[in-house]
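Enquirer: Here's a structure for you.
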Amino acid sequence: MTTLNPYISFRGNARQAMEFYRSVFGGDLIVSTFGESQMSQDPSDDELVLHSQLTGSSGLVLMASDTPARMSFTPGDTISVSLSGEDEAELRGYWDALAVDATITAPFERAPWGDLFGMCTDRFGVHWMVSVTSAPTGSDSSTNAQHGMMD
């Protein structure tokens, strides 16, 4: 099954924002940092949130991460739509369609964490992340590091 979720970018306060959203929506919050995931390119990134996911008891899923200082960040332009799942053919089809006349931010290829992953901004200015999980559903690898390359 493919899921579609909002993915919000922050500049250094993703953990605080997600803890706030947990207080609003309830549920379980998972947070991994750039340092824990060995994705830091600068020691100042170590404590930044690489990926967080709030899963509410009603099924709501909200994801977020911090944008490192080396990457562009424009407030108001901080939400992406994440498509993830195990069906490679389905997700590759979505990617291929979304990528037409798009700006490719990260090509759809094997990522360091094992998933097939790509990012683009479609011709209408909507930011998309597409991830084919390499592990069974229920594991967090599908989105564990999705945002690590986003600008």
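The values are calculated or read from the model by the stated rules, or taken from the named source; none is laboratory data. Computed from a prediction, not measured in an experiment: that's the story for all the values here. Here Cβ is always computed from backbone atoms with ideal geometry, including for glycine, and neighbour counts include all displayed protein chains. We work out accessible area using only protein heavy atoms, side chains counted, and drop any ligands, DNA or RNA first. Shrake-Rupley method; radii C 1.70, N 1.55, O 1.52, S 1.80 Å.
Enquirer: Kindly identify the chain as rounded, prolate or oblate by the Cα gyration tensor criterion: order the square roots of the eigenvalues as a ≥ b ≥ c, call it rounded if a/c is under 1.5, otherwise compare a/b with b/c, prolate if a/b is larger, else oblate. Present the calculation step by step, with values, prior to reporting the outcome.
Expert: Numbers: a/c = 1.41, a/b = 1.19, b/c = 1.19.
Since a/c stays below 1.5, the shape of the chain is classed as rounded.
Enquirer: Let me ask something else about it. Return the distance in nm (one decimal) between the two label points of a simple spin-label model at Glu88 and Arg110, each offset 7 Å from Cα along Cα→Cβ.
Expert: Inter-label distance under the simple model: 1.0 nm.
Enquirer: What accessible area per residue comes out for the chain, rounded to a whole number of Å², with a 1.4 Å probe? Provide the component values of the computation, followed by the final result.
Expert: Working: 7630 Å² over 151 residues.
Roughly 51 Å² per residue, with all protein chains present.
Enquirer: Also, I was wondering about something else. Return the single residue from Met18, Met39, Met71 with maximal mean-square fluctuation; model: Gaussian network over the chain, springs between Cα atoms under 10 Å.
Expert: With Cα springs under 10 Å in the chain, the top fluctuation among Met18, Met39, Met71 is at Met71.
Enquirer: Within the accessible area of the chain, what % is carbon and sulfur when the probe is 1.4 Å and the other protein chains stay in place? Don't jump to the answer; show the numbers that get you there.
Expert: Numbers: 4010 of 7630 Å².
The C+S portion of the solvent-accessible surface of the chain is 53 percent.
Enquirer: Tell me which residues come under 5 Å, amide H to amide H, from Thr105 once H is placed; ignore anything under 5 positions away on its chain.
Expert: Here Met119, Cys120, Thr121 satisfy the definition.
Enquirer: Around Thr33, which amide H atoms from residues at least 5 apart in sequence, or from another chain, sit under 5 Å from its own amide H, with H modelled in the peptide plane?
Expert: The answer is Leu50.
Enquirer: Glu36 to Phe20: extension gain in nm, 0.36 nm per residue of separation minus the Cα-Cα distance?
Expert: Working: separation 16, 0.36 × 16 = 5.76 nm, distance 2.22 nm.
Full-extension gain reported as 3.5 nm.
Enquirer: Nothing charged except the Cβ atoms of Lys and Arg (+1) and of Asp and Glu (-1): what's the magnitude of the dipole of the stretch 25-125 about its Cα centre? Round to the nearest 20 debye. Before the final figure, lay out each step's value.
Expert: Numbers: 4 positive and 17 negative charges, 41 e Å.
About 200 debye.
Enquirer: Can you work out ³J(HN,Hα) from phi for every residue in the stretch 61-71, in order, using Karplus 6.51 cos²θ - 1.76 cosθ + 1.60 and θ = phi - 60°, giving whole Hz and x for Gly and Pro?
Expert: 10, 10, 10, 7, 7, 8, 9, x, 4, 6, 9
Enquirer: For the pair Asp46/Ala69, report the inter-label distance in nm, with labels modelled 7 Å from Cα in the Cβ direction.
Expert: Distance between label points: 1.5 nm.
Enquirer: If amide hydrogens are placed 1.01 Å from N in the peptide plane, which non-local residues have theirs closer than 5 Å to the one on Ala111?
Expert: Result for Ala111 returns Leu116, Phe117.
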